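As structure tokens, the structure follows; a few thoughts come after it.
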Amino acid sequence: MTAQAAVVATEVQLRPPAEVMRLDRMGASFQTRISFTRRLIRRMHRERWRIERTRFDLDDKGYGTALYVVTTPECCYSLVCFSHYLEPEQRTDRVIAEAWDATFSLFDGVPTVADIERLAEQTPKQEAGRFQASELVLGRANKSLRLFGRVVDSLAQGNQPDANAINAVGYLMRSTAVYANGKFGMADRTRYADRPELAPPYQAEMLTVYLIRGFTLDLVEHLASCRDPDRAVALDRRLKRHLGIGNATGLGMAPFLVSHPVLIHNWFQARETALAKIRSIEVATSDRQARFRVLLAQTERHVAEWSTGDERQTARIAALREDLRLVTKWAAEGSEIFHRPAPWDALYRRAQGAVSIEGQELLVSLLFEPYPELIDELGEALQVDHEEIFDPSMTVAEMCAIVESHYSWALAVDFADPQESQYFWYYSEEKIEPRRGTRRGEPGVEKEMKIAVARDVHAFRVALGEAHGDETMAAFLMRHAELRHVARRVQIGAHYAYAEIQGNVISESCSPIDILRGKLAFFGASKFDPKSDLWTRITMYQGAPLDDELDAGDADDWCFPVKPVIVTCTSL
Amino acid sequence: MHVSLSEIQTTVCKAALAVGVPLGLGEDAGWAARHMMLIGFGSFAVFVDALDAIEGGRSTGFDADRAIDGKFGPEPTGLLLSAIRAGPSACDLVTSTAATDIKFSPITLTAVDVPSVILFEILAATVGMDQGQCVTWTTGDRGRFEAICWRGSLVLIKGTPEDLLVPDPADITMHLVARKPPERGMTVNQCIQREAVEIDAATWHRVTTYADRLLVVATETSRLIGAGAGGVIDVD
């Protein structure tokens, strides 16, 4: 049945950056239709990408080499997988790890035997390896000790693993780093940014992670089959789909976001534009209402199945369940809200006053779902394809005006209070792991990362105040070279409303995990499982089509997946 | 060894920070190095020479009061003028001249430590400009070098690419160019080279040694709580 066209009449304004870019709201973000994983799966489906396992030389312990070749309409990419033995005392999600259960390279094209031999030398070394422009992505993953062996055991005994256990963890392996864009000699993004399938942000990385998920599913079946060829069964397809790929993420994402203001503007601007479009719809037709209700009900189950050991997130999930009950009540069939003009706007406004921030952001995600024709195109232009030009002819007075109007959030921070500069961020000599230390007490302050935007803007404003208003930035910066990066940044902030995380990242009150979640939601992450306020685990691609399901049915029906009800056995 | 453009850009920026250059100038140096490697022209070693000159105390910044009038000279005198420190401000001055229509004489930079670094700073700065910049200098026996940077492309008017490898200090003159340069001389456009950038390992080691100074020594405290992951070994 063809969906009835949405009529957009009213014009709802975008939510302001002062609301959207606050840490607490970033830290309540959810995946949406424009998230990078969603976008990639849609393209794979639309273009009928083919994924073939062309090599699977793994021994009966699962160690060896595998190769997956992806054929798109224009290009080929290959995931080269190396599965290794890992000493238990070396098992860590941290950047400082030296060994992993599996390591991966995404190769541009189909690698030769010589390429694979070279990668077999380099890929397991990860950060210590050197790569070529033929490699696009480097990654690694470790088995989930809670689940991996348990799944193999069940399959080898001819049984399906417990769906509850699968749901509780959500993945067989957890990636602990995914590198691209020229790291360690790999291809710069400019090499492939003009390819439609890889032009939007992080598509090469998301493809890699998707392929790793497929490898983990093949690996458990292989191990089960090796252990007991006669009794082993294949993993039920529905359970397979409910297994995503895990990821452990730490502090590194936060400095990345701070240092890419135009990029994050594009992401948030797209999401806010999407929300404004939906809120501007004059009438919610019955078919769109129905789609929304179906998804809302599924999301209630999804949230009910979401558990974490983190107390703060557990409390938030509990609140979220209540929030969803309220939204369900407001959006019930025949509800008065749908008799008003702009009903989705009314629903959002009602939620703003009554549910948690996490509930509001979940609603934002759900509101996008019934309207792919309005939303999905917004996910096509999230990349940055030009350099920002600094205007040195801008005067001090003009710059002051920008600071006052766009950076009031930064000027409001009281840096006389030591708590506002409690922390510093740095790279450790241990594998360049990003870390956060206490300014008064830990060594390395003089090597602090330059990511304290609020503090920098304060210093900039003071210096501007001491200069003549008609002086150009060219002249001003001759005397204040230490503020050059701030001047450049403020000019960017003037043009890109969502360029800044409106929080003080060195404050005692800053929870970096809020920044991490904001970014991970754009990736398409779900089931956030914080391990501290600096570190989180997530699940990606849970519920997503398997590689042999990409050209079937609706490949975009997998957001907020729920635990399948199973129990069948299939011989391998 | 093979190095990516991204590595070049970020490593030069970090190395500049490590020798005491402010972040904004380091960012410009990183962009300049990237642009140089992008067009496959010049030598990466000039950037390391420029860092060495700062680190070794042979190069310094400039007198801002004189620079505002378009005359960049080392301050204190007797040292060389650091291309990394002076280049961005010289580019700013030329660009702001174009925007404000204030008529300047050509901008001069005296005793620049590594002239070709300034050239690539200009090249990067012109990517988004509607106008170009002409830069000239004279070194040793090789005579006059003149090039026009136009929207990220480089046109050699006088001299040869080999002139960019000469490490001798020189006085530089810069001025605005309002029209696209004629297609005479050697023209090098952006994006000629996007695949492999080869840098000799010794040169790369020199720059990464600087950059690595920004790394903080690990302590047991930082290892355990600095990254926030809890225990180091995972069992789940």
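The values are calculated or read from the model by the stated rules, or taken from the named source; none is laboratory data. Here the structure is a predicted model, which is why all the values come from computation and not from measurement. Positions of Cβ are backbone-derived with ideal geometry, glycine not excepted, and every protein chain shown enters the neighbour counts.
Applying a threshold of 8 Å to beta carbon distances and a minimum spacing of six or more residues, or different chains, the list of pairs starting in the stretch B:209-220 at a residue that is more than 7 Å from chain A (Cβ to nearest Cβ) and ending at one that is among the β-branched types (Val, Ile, Thr) reads B:TYR210/B:VAL19; B:ALA211/B:THR11.
Of everything in the stretch B:94-131, what is surrounded by fewer than 24 Cβ atoms within 10 Å (Cβ to Cβ) and either modelled with pLDDT of 90 or more or outside any loop (DSSP other than H, G, I, E, B) (or both)? Give them in sequence order. If the condition is that a residue be surrounded by fewer than 24 Cβ atoms within 10 Å (Cβ to Cβ) and either modelled with pLDDT of 90 or more or outside any loop (DSSP other than H, G, I, E, B) (or both), then B:SER96, B:THR97, B:ALA98, B:ALA99, B:THR100, B:ILE107, B:THR108, B:THR110, B:ALA111 are the ones that fit.
Yes or no: the stretch A:27-34 includes at least one residue that is within 14 Å of chain B (Cβ to nearest Cβ) and either surrounded by fewer than 20 Cβ atoms within 10 Å (Cβ to Cβ) or of a type in the set (S, T, N, Q) (or both). Within the stretch A:27-34, none of the residues are within 14 Å of chain B (Cβ to nearest Cβ) and either surrounded by fewer than 20 Cβ atoms within 10 Å (Cβ to Cβ) or of a type in the set (S, T, N, Q) (or both). Condition (residue is on the phi > 0 side of the Ramachandran plot, touching a Ser or Thr at 6+ places or on another chain (Cβ under 8 Å) and in contact (Cβ under 8 Å) with a residue 40 or more places away in the chain) applied to the stretch A:62-76: is it met by at least one residue? Looking through the stretch A:62-76, at least one residue is on the phi > 0 side of the Ramachandran plot, touching a Ser or Thr at 6+ places or on another chain (Cβ under 8 Å) and in contact (Cβ under 8 Å) with a residue 40 or more places away in the chain.
Restricting attention to the stretch A:465-480, the residues that are more than 9 Å from chain B (Cβ to nearest Cβ) and buried (at least 22 other Cβ atoms within 10 Å of the Cβ) add up to 1. Per this entry, A:ASN142 is not counted among residues that are surrounded by fewer than 23 Cβ atoms within 10 Å (Cβ to Cβ), not assigned by TED's automatic domain parsing to the domain that holds A:HIS302 and not aliphatic (A, V, I, L, M). Residues that are hydrophobic (A, V, I, L, M, F, W, C), in a helix (DSSP H, G or I) and either touching a residue at least 12 places away in the same chain (Cβ under 8 Å) or within 14 Å of chain B (Cβ to nearest Cβ) (or both) within the stretch A:375-428 comprise A:ILE375, A:LEU378, A:VAL396, A:ALA397, A:MET399, A:CYS400, A:ILE402, A:VAL403, A:TRP409, A:ALA410, A:LEU411, listed in sequence order. If you go through the stretch A:187-210 and keep only what is in a loop (DSSP other than H, G, I, E, B), farther than 16 Å from A:THR72 by Cβ and of a type in the set (A, V, I, L, M), you end up with just A:ALA187. Scanning the stretch A:385-394 for residues that are surrounded by fewer than 20 Cβ atoms within 10 Å (Cβ to Cβ) and over 23 Å from A:LEU263 (Cβ atoms) returns a single hit, A:SER393.
Condition (residue is closer than 15 Å to A:GLU387 by Cβ and within 13 Å of chain A (Cβ to nearest Cβ)) applied to the stretch B:55-70: is it met by at least one residue? There is no residue in the stretch B:55-70 that is closer than 15 Å to A:GLU387 by Cβ and within 13 Å of chain A (Cβ to nearest Cβ). In the condition set (1) closer than 20 Å to A:THR314 by Cα; (2) surrounded by fewer than 19 Cβ atoms within 10 Å (Cβ to Cβ), A:ASP551 is compliant with all but (1). Inside the stretch A:101-131, can you point out the residues that are within 22 Å of the chain's Cα centre (by Cα) and within 14 Å of chain B (Cβ to nearest Cβ)? Listed by number, the list holds a single entry, A:GLU127.
A Cβ distance below 9 Å, combined with a sequence gap of six or more or placement on separate chains, defines the contacts here; from the stretch A:467-489, residues that are free of Cβ contacts under 8 Å to residues at least 60 places away in the same chain and within 20 Å of B:LYS14 (Cβ to Cβ) reach residues that are crowded, with 21+ Cβ neighbours inside 10 Å and of a type in the set (Ser, Thr, Tyr) in the pairs A:ALA481/B:SER89; A:ARG484/B:SER89. Restricting attention to the stretch A:429-464 and to residues that are farther than 26 Å from A:GLN502 by Cβ and in contact (Cβ under 8 Å) with a residue 60 or more places away in the chain, the residue that is farthest from the other protein chains (Cβ to nearest Cβ) turns out to be A:LYS431. Residues in the stretch B:24-45 that are surrounded by 23 or more Cβ atoms within 10 Å (Cβ to Cβ) and more than 13 Å from the chain's Cα centre (by Cα): 1 in all. One residue stands out among those in the stretch A:88-113 that are part of a loop (DSSP other than H, G, I, E, B) and modelled with pLDDT under 95: the one that is surrounded by the fewest Cβ atoms within 10 Å (Cβ to Cβ), which is A:GLU98.
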